[in-house]
Structures are given as C-alpha cells and as structure tokens.
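Following: one structure in structure tokens, then a few remarks.
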Amino acid sequence: MSEPERYDIAIVGGGMVGATLAVALAPLKLRVVLIEAVAHDSAAQPSFDERTTALSNGSRRILETIGVWPGLEGAASTIRKIHVSDQGRFGFARIDAAEQGLLAMGYVVPNRVLGEALWARLPSRSLRVFCPAEVAQVTAVHDGVLLDIKQEGSVSRVTAHLVVAADGMQSAVRSAFGVDTEVRDYEQTAVITTILPQRFHEQVAYERFTADGPLALLPLEGGRCTLVLTLSPESAAAALQWSDTDFIAEVQRRFGFRLGRFLKVGRRVSYPLSLHRAQRTSEGRCVIIGNAAQSLHPVAGMGFNLGLRDVASLAELLADGHEQPAFDAGGPQLLAAYDQWRKADRGSVIAFTDGLVRLFSAPLLSIRGLRDLGLLAFDLLPPAKAALSRLSTGANGRVPKLARGVALSSGDPS
C-alpha cells in the first residue's frame, strides 16, 4: 500500500461545526483534510436539514469574521426581543435588545442556508475533502494518527498530527479514542415545523413553558415562525399523525393568542431530546468539539453557539502556536490549553440548560410558585438580563478573537 498523505489537521465531520472549523483555519499555513459521511447538498444531511438555528451575537461575529455571514444575511431573521412565560401562571420575563444596548438579541437562520454558505467558503488550496466518505479505522502512530478512509469502495490513508472529532452526538471518532459520554434522557421529543400566525411576530422570540414541555416560536422572514414543540415521545408520535387543523388547535391551546390565530403549518419532523456530555474534550491526539462534545436540549438555543466557540477557541490556539519552533498541533500543550479554555464556558452553559429543563419540568406547586417569582424578579432586574446575555455569548470568560471580530492569520500574535 502507498504511503499515507500527511496533514496537520484531520476534521472528521463536515456538518455546521466541522465545516466552520475548516473555513476558520483557511488563513493559516496548515494542511487540513475534511471527512464527511453524507453529501452536504443531500436531503439526508442531518446538519443541514429543515431546522433553523438561533445564532447569538457572538456567533454572528464569528461567521462574519471568517467571511460566511454575507451568504447568510439575506435569509437571517433578527431577534429583537425575547418573551418567556409559564402557561397558566403569572410569571413572565422579557429581554429587549435595545435595553441591553444591542441591535439584536440574535438571529434565526435556516440550517440549509447555513450549510450552503459554509461549504461555499471551504478553501480549495489548503483543504482536501473526502465526501461522502467515512473513517473506517483510527490508529495511533509516531507523532500522529493514521486514518483509513472508505470512499466509493476504495480505501485512502492519511495521517494527521491532530484529529478533530466533529462527527456529532454518536461520534465514532470520540469512541475510537476511548472517550465515553454521560447521557441524560429527558424523555421528551421535539416536534419542529414552520407556522404562520395571524399577526406579525415583530421580531420577538417566544419561550413558553407548559405542563407537557416547553414551546418555542422563533421569528422568520415573511411573518412565519419556527415552532419547536416539546412533547412526550408518545404524544410526539401522535402529533406527527394529526391533521393540520388538530395540530394548530393544540399549539393554540398551549401558546394562547398573543399572535392571533395560527393560520398554516408546514411539514413536521421530530427529534428525541437528551443531554450528551463527553467525559473529556480531548484525548490522545484528538480534540472533541460541537455535538460530539456536548449535545444540549434546545430550550435555550445555546448548543450550536457553544460549538462555534469550541471552533473559535481551537482555531485561535492553532493560529497562535503553529509557527512556533517545534510546534505540535496534536501535542499535550495545545490539548491542555484547549481543555482549560473551554471548561468554564462549557460547564456553565450545560448547567444552565439542564437546570432550566429540570426547573420547568417540575410538577410541584411550590416549585412552580418559586419559578414564577424568579421570572418576575428576572424581568425587573437589568443585571440578571445582562448576565444571561453574557452567558449566551460566552462573554463570561475568555472570548475568542473571532467572536470579537479579530481575524486570524499565520503567526497571529496573542
């Protein structure tokens, strides 16, 4: 067999997080290979399906700094306000971008548009792409990792100093490096669709907690909204079979009439909800990012934004270090620096999201009363709103350069 091709970085997974990393590394003098199992323009691509993604301001800045945002801006809907309520209770909270001194609280982007914009920006010179292809075997070798890549019946071999596991919640690469995950099954399923309300949404995102699970409405262009309806697995299976009339009636019962009557609903899809958390964010010569590192409940819309900060942090460490003498992209110094950087941000976002699910799933009246008081207090306390804004953008700790609008380059000084 011929000698394997040699690379500095091998990114396994070309979904939203993996593709973003490939684009972010483009300005650096690194040889990168990207391996993705499903064609990016395929209807079966799980990262670029019919869902939408809520981007924080920090995430928008990352995408803007690496040149992806212009391909998204026309399809992005601005979130100017967030309204949180508890069905049948008096507690509610509102967050207004203008009150926080911001142009927007975030943006809603269709996943397919995001996927197209990312793949259109993949560099042609410094990047080798295997797609559709899958990693058949991972083997540790001297100063690197050997990957056997299966594509159209043939096997290619590459070596890389660093392997990045960006291959999702069921990451085969993470497993190959012996990293287990902690799993908490929320026993909930998200039913996701597009719905058209009678009144214009005024760029407000709604999060409404009900006895059966949270309901989110995110503003889209043309007055439509993305609906994320959380149900028990049994109810979700039934909801997929309901007529449009019955489905709209149930959503109306849960949400109320703040936006008038719901007029039309699109195709419905469902996804089981759980918390998956890798026990470590690196192992050997592997860094674990995005859903391979942590897959969150969508209740606060923080999962992809957290994954983008994984990307921005790793890219910055590689930019700062790769022209130093004897720099090793997969060496213990870089991996330790990555683990330390991501620890606080990752831990706080996971704890917040999981705590929110637990708090608003609690049936006890005493707890429901406390959370109503909490929502009211939050609504009245500007510092609490500012703290949540910082948490959602990762601004409580070290903020990556890309999230501050600072471009990376070879030999970039820290």
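The values are calculated or read from the model by the stated rules, or taken from the named source; none is laboratory data. Keep in mind it's a predicted model, so treat the numbers as computed, not measured. We place every Cβ from the backbone using ideal geometry, glycine too, and count neighbours over all the protein chains shown.
Checking every residue in the range 206-228 against the condition of being out of contact with any Ser or Thr (no Cβ under 8 Å at 6 or more places or on another chain), outside any helix (DSSP H, G or I), among the β-branched types (Val, Ile, Thr) and surrounded by fewer than 21 Cβ atoms within 10 Å (Cβ to Cβ) gives at least one match. Of everything listed in (1) at pLDDT 95 or above; (2) farther than 18 Å from ILE149 by Cβ; (3) in contact with a strand residue (DSSP E or B) (Cβ under 7 Å, 6 or more places away or on another chain), the single unmet condition for ASP8 is (2). Going through (1) touching a Gly at 6+ places or on another chain (Cβ under 6 Å); (2) closer than 24 Å to SER348 by Cβ one by one, LEU314 falls short only on (1). Residue count for the range 154-173 satisfying the condition of being in contact (Cβ under 8 Å) with a residue 24 or more places away in the chain and within 18 Å of the chain's Cα centre (by Cα): 7. Scanning the range 126-150 for residues that are outside any strand (DSSP E or B) and either hydrophobic (A, V, I, L, M, F, W, C) or closer than 14 Å to GLY330 by Cα (or both) turns up CYS131, ALA133, HIS142, ASP143. The one condition from (1) assigned to a strand (DSSP E or B); (2) surrounded by fewer than 19 Cβ atoms within 10 Å (Cβ to Cβ) that GLU99 does not meet is (1). Scanning the range 235-249 for residues that are surrounded by fewer than 21 Cβ atoms within 10 Å (Cβ to Cβ) and touching a residue at least 12 places away in the same chain (Cβ under 8 Å) returns SER235, ALA237, ALA239, LEU240, ASP244, ILE248.
Scanning the range 299-318 for any residue that is at pLDDT below 95 and part of a loop (DSSP other than H, G, I, E, B) turns up at least one such residue.
So for the range 383-399 (the condition being surrounded by 13 or more Cβ atoms within 10 Å (Cβ to Cβ) and modelled with pLDDT of 80 or more), does at least one residue qualify? There is at least one residue in the range 383-399 that is surrounded by 13 or more Cβ atoms within 10 Å (Cβ to Cβ) and modelled with pLDDT of 80 or more. Being surrounded by 19 or more Cβ atoms within 10 Å (Cβ to Cβ) and either at pLDDT 95 or above or within 29 Å of LEU306 (Cβ to Cβ) (or both) holds for only one residue in SER274, SER232, SER282, and it is SER282. When the range 183-203 is limited to residues that are among the hydrophobic types (A, V, I, L, M, F, W, C) and more than 20 Å from the chain's Cα centre (by Cα), the one that is surrounded by the most Cβ atoms within 10 Å (Cβ to Cβ) turns out to be ILE195.
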